[in-house]
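Trainee: Here's a structure for you.
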Amino acid sequence: MVDGVPKRNVEAAEMDSDHPEGIRIRHIEREDLLDDRKLLSLYDLYAEDGVVGKAEADRLEFVACAEASLRKAKDNPGGLFAERLKNWSERRRWYSHRDEERARRRLPLKGGE
């Protein structure tokens with residue numbers, strides 16, 4: 001990671017508008033955390049670089065941390081979430097059971113079930 005951004009995605013981060021979902025990994029916004037498509041695209045970028053795992057449980061934790069950031073940081077949840085990505089090994093301390101339940105409702109089951 002370079003400044004909290006996955007290594008292979010640093011150049012892409014600097015070309016913010018080129019990402020198909022319009023996400024900017026150097027500047028995560030509240031809307032990026034609220035929009036499932038943008039949030040999962042963000043997850044894919046970090047999983048691709050090994051910052052977060054690729055298992056279904058990792059995906060759930062990623063979304064649960066986004067939910068916790070939205071709940072705890074009213075002014076800048078994207079900034080809080082970005083800081084948490086820098087210390088991903090501490091993630092289980094950041095979200096509650098309620099955040100995890102909200103994440104479960106947001107995530108489609110893999111395989112389209």
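Here, each number is a calculation from the coordinates, and none is a lab measurement. As the structure is a computational prediction, the values presented were derived from the model and not from experiment. Cβ placement follows ideal geometry from the backbone for every residue including glycine, while neighbour counts extend to all protein chains displayed.
Trainee: Please compute the modelled spin-label separation between ASP36 and GLU90, points set 7 Å along Cα→Cβ, answer in nm with one decimal.
Mentor: Going from the GLU90 label point to the ASP36 one covers 3.1 nm.
Trainee: Follow-up question, since we're still on this one. Would you order HIS27, HIS97 from fewest to most other beta-carbon atoms within 10 Å of each residue's own beta-carbon? List each step's numbers first, then the result.
Mentor: Details: HIS27 12, HIS97 8.
By the 10 Å Cβ count, ascending, the order reads HIS97, HIS27.
Trainee: Sticking with this structure for a sec: Could you list LYS38, LYS74 so that the one with the fewest beta carbons within 10 Å of its beta carbon is first and the one with the most is last?
Mentor: Working: LYS38 19, LYS74 8.
Fewest-to-most ranking of LYS38, LYS74: LYS74, LYS38.
Trainee: At 7 Å along Cα-to-Cβ for each site, give me the label-to-label distance between GLU48 and ARG105 in nm.
Mentor: Here the answer is 3.1 nm between the modelled labels.
Trainee: If we count other beta carbons within 10 Å of each Cβ, what is the order of TYR43, TYR95, fewest first? Could you put the intermediate results ahead of the total?
Mentor: On the way: TYR43 20, TYR95 24.
Lowest count first: TYR43, TYR95.
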